Amino acid sequence: MSKKPEDHKPELRPHVFDGIEEYDQKLPNWWLFTLYIAIVFFVVHWIIHFQFRVVPSDAQRLDPVVAKIRDDRMKAMTAMLNDTTLGKLATDQAVVAEGQKIYQQTCLPCHGPNRGGKTEAPLYIGASLADAEWRYGAKPTDIYKMIFDGSPSPADLAAKGEIPMPAQGPVLGPEKVASVAAFILSHHLQAKPQ
Amino acid sequence: MNETKTTITYDDRTVRWFTIASIFWGVIGMLAGVFIAYQLNYWKLNFDLPWLTFGRLRPLHTNAAIFAFVGNMMFAGIYYSTQRLCKCRTASDLLSKVHFWGWQLIIVAAAVTLPLGLTRGKEYAELIWPINIAVAAIWVVFAINFFWTLAKRNEPSLYVAIWFYIATIITVAMLYIVNHLSLPTSWTHSYTLFGGVQDALVQWWYGHNAVAFFLTTPILGIMYYFLPKAAGRPVYSYRLSVVHFWSLVFIYIWAGPHHLLNTALPHWLQTLGMGFSLMLWAPSWGGMLNGLLTLRGAWNKLVTDPVIKFFAAGVTFYGMSTFEGPLLSIRAVNYLSHYSDWTIGHVHSGTLGWNGFMAAGMFYWLVPRLWNTKLASVKLANLHFWLGFVGILLYVGAMWASGIRQGLMLNALDDTGTAVRYPEFVETLTGVRALMLFRAFGGTLYLIGFLILVVNVWKTIASGSPATVTQEVVVHQPAKRSTVGEMVFAEPSVAMLGLVLFVCLWLMGGPVTDWVSFAMVGVISVMSIVRFQQHKEHWITWYDHLSEHWVSFTFLALISVAIGGAIQIIPTVTVNRAENIEDRLQKLYTPLELAGRDIYVSEGCYNCHSQMIRMILPDVLRYGDYSRLGESIYDHPFQWGSKRTGPDLAREGNNRRPSSWHYQHMLDPRVTSPGSNMPAYPWLFDQKTDIKALPAKVRTLVNLGVPFPTMTRDEIEQHALEQGVKIATELKSTDPNVQPDTKIIALIAYLQSLGSYETPKTTASATAP
């Protein structure tokens with residue numbers, strides 16, 4: 001063991017265990033390198049993060065992004081959507097069709113296939129979207145807002161035993177909410193012009 | 001030296017029993033696995049029966065596969081090889097019997113309690129507390145029997161297989177006991193001692209190292225014995241054994257937090273988890289290399305001998321999954337893969353490929369020898385191999401594709417970059433349905449292969465009769481042995497312990513300590529290398545001595561495995577207190593919500609739903625604000641989850657959806673979520689909530705440090721009933737006959753509480769230094 005075996009004939013260890021012999025080959029270099037590289041990576045990574053602290057934390061990185069998205073959504077909503085533009089969207093067949101698709105996935109379980117909600121079948125728990133009553137305002141932007149933010153003060157409603165509408169904006173985003181609003185409105189074009 | 005010889009008879013009856021038990025439970029475990037795989041595709045296979053639902057059967061599958069199948073296989077291999085490597089019969093036949101029957105009783109108890117919904121709610125640690133105590137006791141019986149055998153051995157030196165067995169026994173004992181600490185509320189229910197992030201850390205320290213020290217190290221030991229035996233070739237490299245053994249047992253323990261990447265877990269812990277996982281790659285591959293390179297010169301046997309086929313493939317799958325593990329531990333990769341099928345595929349390339357194939361190889365080698373006969377059919381064994389092999393590839397391939405596809409879909413943003421592209425979770429599930437079916441096919445093939453093993457083993461046993469093996473051995477008279485002190489305070493161990501000490505100080509130390517310690521790490525490393533070069537003989541002799549001295553060896557191994565956990569867990573035990581939480585503090589559960597939570601745990605909801613919104617944009621856009629540590633601080637056990645077959649539920653409450661939605665959804669998930677594969681839970685609508693048990697539960701949680709206000713027994717029950725009536729009134733329009741004391745009401749109360757927090761008043765006493 002004191003000298004490295006210069007020839008390539010592997011050396012057998014003197015001891016035999018229940019017939020099992022052992023060579024004592026050198027550790028493969030590439031194998032050692034993977035170990036060394038991983039150790040160096042860890043050491044450097046740790047020092048950068050926790051000793052020099054030059055890399056922002058997850059929260060520092062994520063919070064501004066989320067805040068900006070929130071701002072953008074608000075801006076997009078106010079800039080793009082007013083009663084006129086939303087009203088126009090409700091006549092755009094492509095947008096309405098897209099809205100219908102989303103409605104069937106997201107809204108149908110509560111509001112029913114014919115938008116009748118509770119009045120359609122006892123199975124559905126949402127309010128009727130087919131009648132002429134709009135509890136929180138009948139303007140297109142009111143309806144958009146209702147879908148985006150859900151019922152105002154849901155806790156109070158729940159306390160009264162009523163079922164609040166959940167906010168869909170955070171999940172769907174403004175564009176899809178606008179399509180759904182357009183779909184809903186498209187059924188009210190003749191009945192109740194804005 | 002006077003040499004006395006003696007004839008010993010090996011106790012192979014115990015080995016035979018464990019072999020048969022392993023094969024029997026293997027069938028059960030795999031059958032359960034295949035069944036629940038089909039349940040994911042065909043929800044009707046849940047049969048609307050409580051004890052056949054996915055949430056209860058999945059723990060049965062994992063526990064059976066790990067503890068019953070691999071456990072019994074490991075014991076068979078260890079009892080067989082340890083006797084031969086120690087040239088001595090197992091120390092006590094009585095202890096072997098207690099070990100065997102005790103373990104089988106535990107498995108039966110598990111198979112009864114898990115489908116009944118009796119669970120602790122932590123993965124691979126579901127069994128209820130009386131069974132936990134039995135497991136710990138039987139493990140100690142095993143340990144005594146094993147170490148007693150080492151003490152009586154007629155072979156001076158310990159072979160590498162024994163090193164791995166030693167590490168297995170002490171580490172599993174440590175992990176199992178710590179992760180199962182709990183306070184009982186009744187004979188079948190308890191709350192975990194740790195809560196929130198601490199519980200998460202302890203759980204994954206245990207969970208990850210159950211893979212390491214229950215599924216890996218004992219099987220490596222078995223590989224080191226059975227593979228050279230079957231191949232008739234010397235082990236490739238002794239020094240590789242030494243290096244990879246010690247690096248493996250030291251590094252493995254630290255890697256647990258890689259199960260919690262991008263979560264609320266403090267970043268330094270995530271970095272430890274990721275960094276040590278990457279460093280673990282080489283030690284793991286050391287085992288694979290030593291296995292595969294031992295086969296050099298025996299490759300011709302690969303064609304003719306099914307045993308070698310299974311071993312070669314098993315070791316290759318070990319290499320594959322230990323490469324995949326570090327890859328998945330990289331935070332950026334985990335961003336995509338976490339909670340997805342990719343992880344499930346990764347685990348199964350290890351369990352089906354490594355554990356399953358090593359087990360099959362060992363059985364095909366062992367059974368003919370134990371029953372003094374020949375293997376009944378080599379052809380059938382080959383057929384088993386190919387069915388199993390194709391089964392694994394189908395399984396793992398499908399899970400890769402499924403995990404990546406669903407991960408990409410879940411994380412995809414729409415063109416505006418401000419919303420997720422597939423807002424409905426069900427859409428992403430539908431996207432991987434076909435792949436989930438391929439996985440079930442793969443599993444079925446693997447099961448068929450294993451059934452062929454059963455037939456083959458059956459026929460082999462029928463053709464032989466139990467063998468009695470005797471051997472003449474030289475009685476080993478230990479020369480004057482060095483003491484533990486002499487072994488531990490020798491230069492090599494002092495150098496290594498010093499190195500580890502300063503690494504810990506570097507990682508944990510303050511702004512000055514860390515740099516000083518880092519410098520010391522460098523100094524000790526260089527000094528150690530220099531001293532090793534100069535005194536090579538001395539260091540090698542020391543190690544030869546160490547491997548003749550099982551007490552010192554075990555002591556050093558214990559230190560190596562204990563450090564990583566201590567560094568990670570102890571700081572959070574002291575830091576994770578309500579008074580230290582700055583931003584958000586979980587709202588205390590009401591008694592009814594607590595009852596609902598126990599139902600959630602009991603039904604195994606955590607098997608498919610996480611409660612942890614990661615600090616990544618797609619998670620935040622989909623589920624809401626990322627989860628904070630304080631928001632689960634009172635959760636015993638934590639329910640962060642590890643897999644999302646359904647959406648995250650961390651912010652499901654607070655009327656995100658109306659209670660009537662939950663009511664409909666639990667009765668028939670497909671009414672509210674068309675395309676869902678979730679089971680229906682009709683029994684929750686009939687069974688009553690166990691209100692009477694609540695006072696004991698609340699009291700137990702108070703003892704664990706949850707600051708419930710003081711309430712009398714009657715007040716607790718009254719409060720629960722009143723809240724039940726309130727929710728039932730809300731539901732009147734959905735179902736006029738709903739009863740306020742049914743389980744569904746409690747569950748809805750819990751679901752509506754998810755995500756409730758308050759902002760603690762920052763006390764002015766939190767002053768500047």
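Every number in this text was worked out from the coordinates using simple rules, so none of it is lab data. All figures in this text were calculated on a predicted structure; none of them were measured in a lab. Quick reminder, even Gly has a Cβ in these numbers, built from the backbone with ideal geometry, and neighbours come from all protein chains shown.
Between the residues B:LEU505, B:ALA562, B:TRP542, the greatest Cα displacement towards the positive end of the dipole of segment B:484-580, with unit charges on the Cβ of Lys, Arg, Asp and Glu, is found for B:LEU505.
For the pair B:SER377 and B:ILE448, the difference between a 0.36 nm per residue extended length and the Cα-Cα distance amounts to 23.9 nm. Near the amide H of B:THR689, within less than 5 Å, lie the amide hydrogens of B:THR742, B:LYS743, all on another chain or at least 5 residues away, with H placed in the peptide plane. Counted by neighbouring Cβ atoms within 10 Å, the residues A:TYR23, A:TYR124 run from fewest to most as A:TYR23, A:TYR124. Each Lys and Arg adds +1 at its Cβ and each Asp and Glu adds -1 at its Cβ; summed about the Cα centre, chain A shows a dipole of about 600 debye.
A simple count of charges around B:ARG56, restricted to other residues whose Cβ falls under 12 Å of its Cβ and scoring Lys, Arg +1 and Asp, Glu -1, yields -1.
In a solvent-free Debye calculation with one equal scatterer on each Cα, what is log10 I(q)/I(0) for segment B:5-465 at q = 0.06, 0.11 Å⁻¹, listed in the order of the q values? These q points yield log10 I(q)/I(0) values of -0.25, -0.90. In plain terms, the residue of B:VAL455, B:VAL488 with the fewest other Cβ atoms within 10 Å comes first and the most crowded comes last, giving B:VAL455, B:VAL488. With both labels modelled 7 Å from their Cα along Cα-to-Cβ, the B:GLN471 to A:ALA97 distance reads 7.9 nm.
Computed extension length for B:HIS538-B:ARG13: 184.7 nm, one decimal, from 0.36 nm per residue of separation with the Cα-Cα distance subtracted. Computed per residue of the protein assembly as shown from DSSP H runs no shorter than four, each worth -39500 (n - 2.57), the mean residue ellipticity at 222 nm is -19500 deg cm²/dmol.
Overall size of the protein assembly as shown from C-alpha positions, given as principal axis extents largest first: 109, 68, 59 Å. Residue exposure proxy: B:GLU715, B:GLU472, ordered by other Cβ atoms within 10 angstrom of their Cβ from fewest to most, comes out as B:GLU472, B:GLU715.
Between B:ASN737 and A:SER153, the FRET efficiency from the beta-carbon distance, with R0 = 35 Å, is close to 0.70. Label separation (B:THR316 vs B:SER463): 2.8 nm, computed from points 7 Å beyond Cα along the C-beta direction. Treating only the Cα positions of segment B:585-758 as identical point scatterers, give the base-10 log of I(q)/I(0) from the Debye formula at each q in 0.11, 0.12, 0.17, 0.18 Å⁻¹. Those come out to -0.45, -0.54, -1.11, -1.24, one per q. The A:PHE33 and B:GLU3 beta-carbon pair, evaluated with R₀ = 56 Å, returns a calculated FRET efficiency of approximately 0.75. What you get for segment B:712-765, charging only the Cβ of Lys and Arg (+1) and of Asp and Glu (-1), is a dipole of about 160 debye around the Cα centre.
Dipole of chain B computed with +1 at Lys/Arg Cβ and -1 at Asp/Glu Cβ about the Cα centre; of B:ALA91, B:VAL202, B:VAL112, farthest Cα towards the positive end is B:ALA91. Scanning chain B for DSSP H helices at least 24 Å long along the axis (C-alpha atoms) with a Kyte-Doolittle mean no lower than -0.5 picks out B:13-41, B:93-113, B:129-152, B:160-179, B:196-213, B:267-294, B:306-328, B:378-411, B:433-463, B:491-508, B:513-534, B:550-575. With a Förster radius of 51 Å applied to the C-beta separation of B:THR416 and B:VAL725, the computed FRET efficiency comes to 0.65. Between the listed residues B:LEU747, B:GLN611, B:LEU731, the Cα displaced farthest toward the positive end of the dipole of segment B:585-758, a dipole computed from Cβ unit charges relative to the Cα centre, is found at B:GLN611.
For segment A:31-172, the Kirkwood radius over C-alpha pairs fed into Stokes-Einstein at 25 °C and 0.890 mPa s yields D = 127 µm² per second.
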